[in-house]
Amino acid sequence: MVRLDKNKIQKGINNRSNEAVENTVENSTKLQSSNSELEKFSQYVLKMLADENIPSTPNNFQIYFEKLLDNKPLPFKKSMNDLLESENSDKDEHRAKMETDIKEVFSQIKNIMKVVLTVYKNINIMKEILKKRTGELEASSGQLTATNIASSLGEDLKKLSMLMKKQIGILKIHYEKTSVIFKNIENTAIFDSRFGIYNRRYFLKSIENECKSIEEFDHKSTLVLVKIKDTILSKVDNTKERMVLTRNIAKLLLKTSRRSDIVAHYGDGVFGVLMKHTDIDNAKRACTRISDLIHTTSFFIGEIEIEIDIELAMISIIPGYAAELFATTTLNSLGSTGKELLPYAVCELKEN
């Protein structure tokens, strides 16, 4: 028999309890310290908004919070980001998933239609085969019973075919209604499901809204366009592999951007970043970060490493111009940039 020493057991329990209390106190102290830092920094953000005559709306607060956080030491930034990590579940992320799911549902409906139509075609083929065999049986003497059976089967198939034709007609009506709904959803969609970022429509609308905001509050915002050089993409023969490469650029742009930035696919592998409350000088620094991150990241197609070269151009947002004009002006300057050329191009529009 093993005898337990109650005094030792109680001592062990007390030690563990003391450790648990110490850990709880330590965690509580850390949390209080973080909360205190957050409160001080939040007050600083509000002061900067007031000094620059920017309304303290939740959206503006978030933009300035992230903007000012960029200038803080790394430990402080990490501490603040840890506190805000729980807020990463954004409503836009939920909408992006919803839009993707809707597209997937519609894709499955299309597949169902294809299968039903194939079944219908096969039944018609079977009818033709039966018709041919019935003719062969009728030509033969002494095959009355077989002929009757074939004739009866033919009638059954005819009834089944008519019933199925009617059901396909109903299915087609529902499919067409679904197609109209899906097109309406696509017309209001704000995400590009291929890249997991905003689409061109939402991007241009965001520029329009930012123009109005700048006109009212007189702050600075910058538009940046990014693209993999065609000379790099031409080295990748497979379309799917080129898409994978381009998707990776989209992911890196999301990684290096602030949450208040609008990252979008403008079209044809060109990505846009709308940097709110960011002047050209700060946009230049952001472009340098983007360039450094992409150029120092290893990209592989199979076992072959691809050395990425990108094009970068930016333009300051000025009220009074169409959103698309900013994008097209910047787009026209992309070709002048790259590793062996300019690191980025700064474009301008003449003010009215």
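Among the residues examined, VAL224 does not qualify as within 21 Å of GLY267 (Cβ to Cβ), part of a loop (DSSP other than H, G, I, E, B) and not charged (D, E, K, R). Filtering the range 113-134 to residues that are without any contact (Cβ under 8 Å) to a residue 12 or more places away in the chain, closer than 21 Å to LEU163 by Cβ and not polar (S, T, N, Q) leaves LYS114, VAL115, LYS121, ILE125, GLU128, ILE129.
Just name the residue that is nearest to LYS121 (Cα to Cα) out of those in the range 165-216 that are in contact with a Pro (Cβ under 7 Å, 6 or more places away or on another chain) and not β-branched (Val, Ile, Thr).
Checked the range 165-216; the qualifying residue nearest to LYS121 (Cα to Cα) is CYS211.
Here GLU99 clears all of (1) under 27 Å from ARG194 (Cβ atoms); (2) out of contact with any helix residue (DSSP H, G or I) (no Cβ under 8 Å at 6 or more places or on another chain); (3) modelled with pLDDT under 80; (4) open to solvent by less than 90 Å² (accessible area, probe 1.4 Å) except the condition numbered (2).
Filtering the range 303-321 to residues that are open to solvent by less than 70 Å² (accessible area, probe 1.4 Å) and assigned to a loop (DSSP other than H, G, I, E, B) leaves ILE308, ASP309, ILE317, ILE318, PRO319, GLY320, TYR321. Within the range 179-221, the set of residues being of a type in the set (D, E, K, R) and within 16 Å of TYR266 (Cβ to Cβ) comprises ASP192, ARG194, ARG200, ARG201, LYS205, GLU208, GLU210. Is it the case that GLU348 is more than 22 Å from the chain's Cα centre (by Cα), under 24 Å from LYS205 (Cα atoms) and either free of Cβ contacts under 8 Å to residues at least 40 places away in the same chain or open to solvent by less than 60 Å² (accessible area, probe 1.4 Å) (or both)? Criteria met by GLU348.
The values are calculated or read from the model by the stated rules, or taken from the named source; none is laboratory data. A quick note: this is a predicted structure, and the numbers were derived from the prediction, not measured. Every residue, glycine among them, receives a Cβ derived from its backbone with ideal geometry; neighbour counts consider all protein chains shown. Keep in mind that these areas ignore ligands, DNA and RNA; they rest on the heavy atoms of the full protein, side chains included. Shrake-Rupley method; radii C 1.70, N 1.55, O 1.52, S 1.80 Å.
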